Structures are given as C-alpha cells and as structure tokens.
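This report concerns only the one structure given below.
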Amino acid sequence: MKKSYLALIISALVVGTTILWIASTKSQLSIPGIIQFGIIFALAGFGVFIGLSRLKSEKRGEPAEDELSRKILQKASSTTFYISLYLWLGVMYYSDKTKLETHTLIGAGILAMAVIFCICWVFYKLRGMKDA
C-alpha cells in the first residue's frame, strides 16, 4: 500500500514544483519550454496512472505487483537502458554542433530517458511477454 501512495505523492510533488517553477518564471515561455513542461506533466500523469492502478489492485485484494507486472517492468527498464546508451551517444555527438547549453542538453536527455521508459513500458504492456 505504501508504494501506491508513494507514486501518487511523488507525482503530486513533481506537478506542484513544476507549477511553482512556471509561476516564478518572469519571461514568456518559449516553444521548447512549453514542450518541456508538457512532457513533465505527461510523465507525472504516467506516475498517477501507475499509482492508481496499484491502489485498485490492492483494494480488490490482489497484490499490487504480480509476477507479470514485475517482468514487464524489468524488460522495459532493460530495453530503456540500451536505447538510452544510444541516446546519450547522440547527445554527445550533437553537443558540439548545437548552441544549447550543457545543462539544457542534460535535462533534455533525462526527460528523453523517462519518455523512452514510458514508451517501452506501454509497448510491453500491450504486446505482452514472449516466452523465451
């Protein structure tokens, strides 16, 4: 039960601090900034979805994480790791060719890793696990 609430609390904290960050910004938001905040809110929504699905399972008397969900999580995380290696190689290659600051590239890379994980998790959740 604690893990379910933890996912919801962390998602609420992320949304709250992002709203504070937007409110404290004095200048107008640019297109990349709007995209960045949209991705952050989408990832927080993914966390809320995971937390609520765990809560529903627990209220029905089922375990929050069964063997299949753990296997999907493990497969998605391992696939994300390999894709992220290539992502960071691409970031390193293009970091010399772009005028973006280093902290912006690192932040974009971290957000891209989270998006890749969400995509891999949804892919394996919909496709299912092959017996290998």
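Are any of the residues in region 54-63 among the aliphatic types (A, V, I, L, M) and either outside the structural domain of residue 41 (by TED's automatic domain parsing) or over 23 Å from residue 42 (Cα atoms) (or both)? The answer is no, given that none of the residues of region 54-63 is among the aliphatic types (A, V, I, L, M) and either outside the structural domain of residue 41 (by TED's automatic domain parsing) or over 23 Å from residue 42 (Cα atoms) (or both). The condition (being of a type in the set (Gly, Ala, Ser) and within 22 Å of residue 122 (Cα to Cα)) is satisfied by just one residue among 47, 61, 16, 33: 47.
If you go through region 3-24 and keep only what is surrounded by 11 or more Cβ atoms within 10 Å (Cβ to Cβ) and among the hydroxyl-bearing types (Ser, Thr, Tyr), you end up with 4, 5, 11, 17, 18. Applying a threshold of 7 Å to beta carbon distances and a minimum spacing of six or more residues, or different chains, the list of pairs starting in region 47-74 at a residue that is surrounded by 17 or more Cβ atoms within 10 Å (Cβ to Cβ) and ending at one that is part of a loop (DSSP other than H, G, I, E, B) reads 54/64; 72/129. Being acidic (Asp, Glu) and assigned by TED's automatic domain parsing to the domain that holds residue 130, is that true of even one residue in region 89-97? Within region 89-97 (the criterion being acidic (Asp, Glu) and assigned by TED's automatic domain parsing to the domain that holds residue 130), the answer is yes, since at least one residue qualifies. Taken together, 78, 27 contain a single residue that is within 16 Å of the chain's Cα centre (by Cα) and surrounded by fewer than 16 Cβ atoms within 10 Å (Cβ to Cβ), which is 78.
The values are calculated or read from the model by the stated rules, or taken from the named source; none is laboratory data. Nothing here was measured: the structure is a model prediction, and the numbers come from that model. We place every Cβ from the backbone using ideal geometry, glycine too, and count neighbours over all the protein chains shown.
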